[in-house]
Structure formats: C-alpha cells, structure tokens
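What follows is a set of notes on a single structure, which appears directly below.
The values are calculated or read from the model by the stated rules, or taken from the named source; none is laboratory data. Note that this is a predicted model, so its numbers are computed, not measured. Positions of Cβ are backbone-derived with ideal geometry, glycine not excepted, and every protein chain shown enters the neighbour counts. Note: areas computed on protein heavy atoms with side chains; ligands, DNA, RNA excluded. Shrake-Rupley method; radii C 1.70, N 1.55, O 1.52, S 1.80 Å.
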Amino acid sequence: MIDYLLADWPRHALIDPARIGMVGHSAGGFTALVIAGGEPDLNIGLRRCQDRPQAWDCQYLKQHGLDLQTRPALPPQTWVHDPRIKALVIAAPCCGWMFQPKGLLTVHIPIELWDAQQDPIVEDSPAIIRDLLPTPPKEHVLANAGHFAFLAPCDPGMKAYFAQAAERGQLDICADPVGFDRIAFHEQFNAGIVAFFSKAL
C-alpha cells in the first residue's frame, strides 16, 4: 500500500515519505508492531491456548475451526518489517504475549498506546506490550470502555444489524458499556491521533 501511495497514487506528491505513521486496532495493533520491527513467536500462542483454553481468543479461534490446543508446533516464521513507518498509534492491541520475552526490543519509534478498561478480549495484552517496549509509549487507559470503543461510531442501521448478530452469538461491535459515549470520545480520540503524529513525525 505504501509503495502504491508513494509512486502510483495520482496525488502521491502530497505525501512526505519521511513522515508515515500507522494506526492499528486489536489484531491491527499487533500487525503494526510487527511492521515496526516486532518479532512474535506464534508457538507461544499455541502454548497459551493449551494452558488457558478458556481465554477469549482461544475460544474464538476454536469456534472458527482453529483449535490451538491440538495444533502441532509451527516452524520459525519470517516477518516483514517496513522502516518507512516512523510512528504508531495502537489501540487495544492483541496478542502481546507472543512478543515475549524480547520480541519488541528492536521497536524504537514513537508509539501511542490506548487501552480500554473493560476489555475482556485482549485482557492484559496492552500492559504486556507496554512493558516489553524498550521506550515507554505514550499511554492512555480509557475508563468505562470496551474493546470496540476505538471503532468509528455506528449509525442506526449498523447498530440494529449487530444487535441481531449478537442474538445469534456473534460479536456486537457497536455495543459499549452503559454510560460510554463513543461519539464524544472519537472527537477527542481523532484529534489526539493527529496531535501525536504531528509531533512524532
């Protein structure tokens, strides 16, 4: 995508190639850390699900046909990094335990880390990532917020659709804890991301 935007996109001259940042939520936060230099160990995920089969992510994968309790060990992986990424904003990043113990030692760019106080999906992953980064990130803990608070506010049609999906046992990405105002939060969140990148880049 960056190759396309810098070379073939009709408005590529508007982009400063020395000022590229990345935003990632949940698995996207994990992906952003890998692109920035992180080296995860997928076999830690296998062992985690063998030790904690009731963890949300292990249950989710099992429900979708991937049972990590019985899967054999994986061979070493080759990860792709992109030094053009100069700063990250990661929100509720998942799978931080896969970077233990030294998988984030080469990530030295500025990072803003957002964590939701009521997030059963990623559990302590944001705290693990915070502690593994060689330079402490700029951290925010969002009170009374769930995992999906960082997604754009849903319109009425999306709310109705995902409420029905939740009745069938699927995720409701529009649902928030009682009292949390996603629209008001995103006014602050979006402005904060712009301010962070303006300073970091």
Open item on the list: Run the numbers for Val178 and Asp82: contour at 0.36 nm per residue of separation, minus the present Cα-Cα distance, in nm.
Closed with: 30.6 nm
Task: Furthest towards positive pole of dipole, His186, Leu133, Gly146, structure part region 100-201, Cβ charges - done: Leu133
Task: Of all accessible heavy-atom area on the chain, the percent that carbon and sulfur account for (1.4 Å) - done: 58 percent
Task: Spin-label model distance (nm) - Lys62 vs Leu151, 7 Å beyond Cα toward Cβ - done: 2.4 nm
Task: Relative packing of 134-145, 7-18, which averages over residues the other C-beta atoms within 10 Å, highest first - done: 134-145, 7-18
- [ ] For the chain, compute the number of Lys pairs whose alpha carbons are separated by less than 30 Å, excluding pairs fewer than 8 positions apart on the same chain.
- [x] 8
- [ ] Calculate one ³J(HN,Hα) per residue across region 4-17 by plugging θ = phi - 60° into the Karplus curve 6.51 cos²θ - 1.76 cosθ + 1.60, and present them in order as whole Hz with x for glycine and proline.
- [x] 5, 5, 7, 10, 9, 4, x, 10, 4, 5, 6, 9, 8, x
TODO: Mind putting together the pair-distance distribution for region 20-60? All Cα pairs, 10 Å bins, whole percent per bin, short to long.
DONE: 27, 42, 27, 5
TODO: Step through the residues of region 165-170 one at a time and calculate ³J(HN,Hα) from phi using the Karplus curve (6.51 cos²θ - 1.76 cosθ + 1.60, θ = phi - 60°), rounding each to whole Hz and writing x for Gly and Pro.
DONE: 4, 5, 5, 8, x, 8
- [ ] List every residue whose amide H lies under 5 Å from the amide H of Val89, counting only residues 5 or more places away in sequence or on a different chain, with H placed 1.01 Å from N in the peptide plane.
- [x] Met22, Val23, Gly24, Glu112
Open item on the list: Applying a 10 Å radius around every beta-carbon, put 74-81, 22-29, 175-182 in order of their mean neighbour count, most first.
Closed with: 22-29, 175-182, 74-81
TODO: Have a look at the chain and give its Rg and Dmax from the Cα atoms, expressed in angstrom.
DONE: 18.0, 51
Task: Those residues of region 31-75 whose amide nitrogen sits under 16 Å from the label point placed on Gln100, 7 Å along Cα→Cβ - done: 39-58
Task: Helix-only [θ]222 nm of the chain, DSSP H runs n ≥ 4, -39500 (n - 2.57) each, per residue, nearest 500 - done: -10500 deg cm²/dmol
- [ ] Please give the FRET efficiency for Ile193 paired with Gln50, using the beta carbon to beta carbon distance and R0 = 25 Å, rounded to the nearest 0.05.
- [x] 0.10
TODO: Distance between Cα centroids, region 43-91 to region 101-129: provide it in whole Å.
DONE: 14 Å
Task: Percentage, to the nearest whole number, of Cα pairs in region 34-101 over 20 Å apart - done: 38 percent
Task: Ala163 versus Gln69: modelled label distance in nm, points set 7 Å from Cα along the beta carbon direction - done: 3.6 nm
Task: Average accessible area per residue (Å²) across the chain - probe 1.4 Å, nucleic acids and ligands excluded - done: 56 Å²
